[in-house]
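For reference, the structure is listed below as structure tokens.
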Amino acid sequence: MDPNKLSDLANRLAKGGRGAGVGLGFLAAAGGVAYGLYQSMYTVEGGHRAIIFSRIGGIQPDIYREGLHFRIPWFQYPIIYDIRARPRKISSPTGSKDLQMVNISLRVLSRPDAATLPAMYRQLGIDYDERVLPSICNEVLKSVVAKFNASQLITQRQQVSLLVRKELTDRARDFNIILDDVAITELAFGKEYTAAVEAKQIAQQEAQRAQYVVEKAKQERQQKVVQAEGEAAAAKLIGEAISKSPGYLKLKKIRAAQNIARTIASSKNRVYLDASTLIMNVGSKEFDENLESQLTKGKRK
């Protein structure tokens with residue numbers, strides 16, 4: 001091969017290498033700038049707030065709302081808080097005023113105070129609810145439940161709930177925590193107290209049942225007395241009417257005969273009865289003799 005051609009090829013490769021190096025350097029610089037620009041931006045989502053920690057000055061007092069924000073890479077980084085209300089259920093066994101064990105559960109809606117996020121981070125960090133809520137809820141529940149008897153916790157549940165909410169809200173404000181809602185979701189007593197309540201209810205039901213039986217017996221006795229007095233008065237009036245007017249008995253027999261005849265007439269069966277059976281012998285001499293004998297016996301008695 002010609003030596004001139006070899007030298008020309010070597011010169012071209014050298015020139016191409018210097019151009020490739022410049023291109024790679026430009027690309028590296030552009031990539032560095034893009035990475036630095038990307039690292040200098042951060043986004044705060046809806047329902048969140050951000051504070052900045054600086055490696056030079058520590059926690060900054062500024063609070064950043066939703067949107068796109070800038071920072072100095074490596075020197076600053078954002079700390080983002082969720083300021084939406086979050087539910088939490090807390091259970092606590094405690095004692096009532098009459099020394100009964102009560103298992104009570106609370107449902108708490110809590111959120112951080114957005115205006116005091118720098119101070120909250122210095123004192124509690126991100127997991128503020130894990131650090132604060134269990135302890136203050138147990139403290140408030142024990143202090144409030146100890147003011148009421150076990151029966152009052154049921155009959156005055158609304159008052160108990162309002163008192164727990166007021167004291168717990170005031171206590172949480174000391175830690176820059178806002179409670180949107182506090183509600184008692186469960187209230188259970190010990191086995192001994194539950195058994196005693198059931199036994200008391202059974203005894204009350206049996207006492208009411210016995211009282212009802214006594215009242216019923218009194219009413220039935222009074223009803224029988226009134227019925228007997230009415231029958232005695234009716235018998236007396238009938239006796240006086242018969243003694244004063246013998247025709248009264250004839251009238252009663254005529255009405256009885258009418259009822260018998262009406263009943264037999266409506267029946268499909270054929271029945272043959274004489275005047276004596278139908279009590280229709282009112283005008284006969286035998287009827288008068290029987291009536292006089294009955295009146296004589298009544299007067300003798």
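The values are calculated or read from the model by the stated rules, or taken from the named source; none is laboratory data. Remember, predicted model here, so these are calculated numbers, not experimental data. Cβ: placed from backbone, ideal geometry, glycine included. Neighbour counts: every protein chain shown. Keep in mind that these areas ignore ligands, DNA and RNA; they rest on the heavy atoms of the full protein, side chains included. Shrake-Rupley method; radii C 1.70, N 1.55, O 1.52, S 1.80 Å.
Considered as a group, the residues in region 125-159 that are among the charged types (D, E, K, R) and not in a helix (DSSP H, G or I) include one that is farthest from the chain's Cα centre (by Cα), and that residue is ASP127. Looking at region 186-194, can you tell me whether even one residue there is more than 15 Å from SER91 (Cβ to Cβ) and either among the polar types (S, T, N, Q) or modelled with pLDDT of 90 or more (or both)? Yes, region 186-194 contains at least one residue that is more than 15 Å from SER91 (Cβ to Cβ) and either among the polar types (S, T, N, Q) or modelled with pLDDT of 90 or more (or both).
In the condition set (1) touching a residue at least 60 places away in the same chain (Cβ under 8 Å); (2) under 15 Å from ASP98 (Cβ atoms), ILE178 is compliant with all but (2). Checked against (1) within 30 Å of LEU99 (Cα to Cα); (2) modelled with pLDDT under 70; (3) not basic (Lys, Arg), SER284 passes all but a single condition, namely (1). One residue stands out among those in region 135-145 that are out of contact with any strand residue (DSSP E or B) (no Cβ under 6 Å at 6 or more places or on another chain) and open to solvent by less than 40 Å² (accessible area, probe 1.4 Å): the one that is nearest to ASP62 (Cα to Cα), which is ILE136. Within this structure, ASP170 fails the test of being open to solvent by less than 60 Å² (accessible area, probe 1.4 Å) and acidic (Asp, Glu). Restricting the search to region 65-84, which residues are within 20 Å of ALA119 (Cβ to Cβ) and either touching a Leu at 6+ places or on another chain (Cβ under 9 Å) or in a strand (DSSP E or B) (or both)? Passing the criteria: GLN76, TYR77, PRO78, ILE79, ILE80, TYR81, ASP82, ILE83. In this entry, VAL182 is excluded by the filter for residues that are among the aliphatic types (A, V, I, L, M), over 30 Å from ASP82 (Cα atoms) and within 26 Å of the chain's Cα centre (by Cα).
Tell me, please, whether a residue that is modelled with pLDDT under 90 and among the small types (Gly, Ala, Ser) can be found in region 65-74. Looking through region 65-74, none of the residues is modelled with pLDDT under 90 and among the small types (Gly, Ala, Ser). Here is the figure for region 57-94: residues that are among the small types (Gly, Ala, Ser), under 29 Å from ILE136 (Cβ atoms) and open to solvent by less than 30 Å² (accessible area, probe 1.4 Å) total 2.
So which pairs qualify, if the first residue must be in region 96-107 and under 16 Å from LYS147 (Cβ atoms) and in contact (Cβ under 8 Å) with a residue 60 or more places away in the chain, the second must be of a type in the set (A, V, I, L, M) and in a strand (DSSP E or B), the Cβ gap must be under 8 Å, and the two must be at least 6 apart or on different chains? Within 8 Å, the pairs are VAL102/LEU187; VAL102/ALA188; ILE104/ILE184; ILE104/LEU187; ILE104/ALA188.
From the set of residues in region 146-164 that are surrounded by 13 or more Cβ atoms within 10 Å (Cβ to Cβ) and among the hydroxyl-bearing types (Ser, Thr, Tyr), which is modelled with the highest pLDDT? By that ranking, first place goes to SER161.
Every condition in (1) free of Cβ contacts under 8 Å to residues at least 60 places away in the same chain; (2) outside any loop (DSSP other than H, G, I, E, B) is met by ARG122 except one, and the failing one is (1). Only a single criterion out of (1) open to solvent by 60 Å² or more (accessible area, probe 1.4 Å); (2) farther than 30 Å from SER96 by Cβ; (3) modelled with pLDDT of 75 or more is not satisfied by GLU240, namely (3). Just one of (1) surrounded by 14 or more Cβ atoms within 10 Å (Cβ to Cβ); (2) among the small types (Gly, Ala, Ser); (3) in a helix (DSSP H, G or I) fails for SER110. It is (3).
In the set LEU109, LEU168, LEU141, only one residue is of a type in the set (A, V, I, L, M) and touching a Pro at 6+ places or on another chain (Cβ under 6 Å); that residue is LEU109.
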